[in-house]
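To start, the structure under review is shown below, and the notes come after it.
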Amino acid sequence: MTEFEKSLAGLEYDYLDPELSAHKMRAMVLCQRLNAMDIRDSAGREALIRELLGTVGARPRILAEFHCDNGQNIHVGDDFLANYNVTILDRAPVTVGDSVLIAPGTVITTVNHSLHPGRRRANICTALPVTIGNNVWIGANCTILPGVTIGDDAVIAAGAVVRTDVPPRAIVGGVPARVLKTAEADD
């Protein structure tokens, strides 16, 4: 397996692998272009978002500064909003449903460095996918960790660190995030 294939399979991989480095460089160049693009150029911004990300639904909005590791591993549904200063480290797939709002300062990461010092020195990482359901609101300055699934209609309170799955309609907050209450269903 290539290091890229290992990263997608959740296996240990060398994050300085030339193929992975090329993916990262492509993403950094496209993010730089997107971040510098005139905010009034809606059509141009959408075209660049579609070039950067793997799959994109209708009406995507990404505000500056946006950063990602690969871009092609990010899949978003309709009416996606990544507000200011969002980072998505997408060595493994990040799948986002429809009508998802991500507030400023949020980090979504699929990447985990080894806890073993020697493995870190050897540039070894693992990556696990992140899945975010439909109609999710992620508050400001949140961190979503590798392997997490967030259910439909959930709310992640500002500043939360999410390290375990979030049930549908749950409102979670804290460090680490825990369920605070369950949102009522729509009428």
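General remarks:
- Contact order, relative form, for the chain: 14 percent (alpha carbon pairs under 8 Å, 6 or more residues apart, mean separation divided by residue count).
- Its alpha carbons give the stretch 86-187 an Rg and a Dmax of 14.2, 55 Å.
- When each of the peptides 90-97, 20-27 is scored by the mean number of other C-beta atoms lying within 10 Å of its residues, the order from highest to lowest reads 90-97, 20-27.
- When the square roots of the Cα gyration tensor eigenvalues are ordered a ≥ b ≥ c, the ratio a/c for the chain is 1.5 or more and a/b does not exceed b/c, which makes its shape oblate.
- Shown for the chain: the carbon plus sulfur share of the solvent-accessible area, taken with all protein chains present and a 1.4 angstrom probe, equals 55%.
- In this calculation the C-beta distance from Ala22 to His113 is compared with R0 = 25 Å, giving a FRET efficiency of 0.75.
- Rounded accessible area per residue of the chain, 1.4 Å, Å²: 50
- Measuring with a 1.4 angstrom probe and ignoring ligands and nucleic acids, Val162 comes out at about 0 Å² accessible.
- Over the stretch 76-132: Rg over Rh, Cα atoms, Kirkwood Rh: 1.10
The values are calculated or read from the model by the stated rules, or taken from the named source; none is laboratory data. Quick caveat: nothing in here was measured; it's all calculated off a predicted structure. Cβ atoms come from the backbone with ideal geometry, glycine included; neighbour counts cover every protein chain shown. For the accessible areas, the whole protein counts, side chains as well, though only heavy atoms, and no ligand, DNA or RNA atoms are used. Shrake-Rupley method; radii C 1.70, N 1.55, O 1.52, S 1.80 Å.
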